[in-house]
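*Asks:* Structure provided below as structure tokens; questions to follow.
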Amino acid sequence: MPREGKAKVLDQAELKRTIALQRLSRQGLRNTALLYCSFGLGLRAKELASLSIGDILNSDGSLKEEIVLTSKHTKNGKQRHIYLSNSKVINALRDYLDQRKGLAPNQPLFLSQKDGRFSPNTIQMLLKRMYVEAGIEGASSHSGRRTFATRLIENGADIKAVSKLMGHSTISMTAKYVEDNPERLKKLAAAAL
């Protein structure tokens with residue numbers, strides 16, 4: 001259970017349910033890619049809104065393996081690298097981009113219904129609506145980031161690496177994002193001796 005005021009960390013069933021519902025929506029490919037970028041890359045709403053086609057595609061149309069988020073993308077104005085190495089994120093982005101026509105480097109990655117760039121606030125509202133539709137309480141646009149950090153730690157990543165991927169300047173900031181899983185804590189305690 002998240003502490004008061006913190007976005008909910010979704011479990012696998014909740015994430016799958018949200019993605020399954022969005023796949024059936026009118027903007028299914030876009031919304032699925034948006035969710036996978038949130039949960040698979042740990043991106044903030046501002047970062048999702050500010051991404052352009054040229055940020056993620058090479059000149060030959062292939063997906064970049066490493067994306068450089070510059071000060072125009074990030075909350076704190078610091079450069080950060082994200083990595084397109086998760087097959088689910090890659091496939092969702094390819095599916096979405098394959099249905100778009102005439103991709104220009106300066107076009108927004110995620111197009112609104114009016115074919116323009118989303119504002120960070122609109123991305124937040126869109127993600128919130130997706131969670132409400134899936135019947136998930138306490139989830140917000142930050143749920144993807146918190147789930148990303150929590151899953152990495154649960155899968156054995158060291159907190160310093162997670163901090164780097166999240167773009168945090170301190171490990172203590174990253175620790176605030178990670179939700180303690182009672183099952184993981186039990187396993188850790190069992191292995192103490």
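No lab work stands behind these numbers, since they all come straight from the coordinates. Note that this is a predicted model, so its numbers are computed, not measured. Backbone-built Cβ (ideal geometry, glycine too); neighbour counts: all protein chains shown.
*Asks:* Go ahead and estimate [θ] at 222 nm for the chain from helices alone: -39,500 (n - 2.57) per DSSP H run with n ≥ 4, summed, over the residue count, rounded to 500.
*Replies:* Theoretical 222 nm ellipticity from helices: -15000 deg cm²/dmol.
*Asks:* Using alpha carbons only, how many degrees (0 to 90, rounded to 10) separate the axis of helix 143-154 from the longest principal axis of the chain?
*Replies:* Taking Cα atoms only, the helix is inclined about 50 degrees.
*Asks:* Highest first, please rank the peptides 53-60, 127-134 by the mean number of other Cβ atoms sitting within 10 Å of their residues.
*Replies:* Top of the packing list down: 127-134, 53-60.
*Asks:* Quick one: of LYS64/LYS114; LYS46/LYS128; LYS6/LYS75; LYS114/LYS164; LYS8/LYS160, which pairs are farther than 25 Å apart, Cα to Cα?
*Replies:* Over 25 Å Cα-Cα: LYS64/LYS114; LYS114/LYS164.
*Asks:* Something else now. May I ask you to derive the FRET efficiency for GLU65 and LYS164 from their Cβ-Cβ distance with R0 = 22 Å, giving the value to the nearest 0.05?
*Replies:* About 0.85, to the nearest 0.05.
*Asks:* Relative contact order for the chain using alpha-carbon pairs under 8 Å, separation at least 6, rounded to a whole percent?
*Replies:* It comes to 29 percent, rounded to a whole number.
*Asks:* Please go through region 1-87 and write out the GluC sites (Glu not before Pro) that DSSP classes as loop and that have at most 15 other C-beta atoms within 10 Å.
*Replies:* Counting only loop positions with at most 15 other Cβ atoms within 10 Å, the GluC sites (Glu not before Pro) in region 1-87 are GLU4, GLU65.
*Asks:* Helix 12-23: angle to the longest alpha-carbon principal axis of the chain, degrees 0 to 90, nearest 10?
*Replies:* The answer is roughly 10 degrees.
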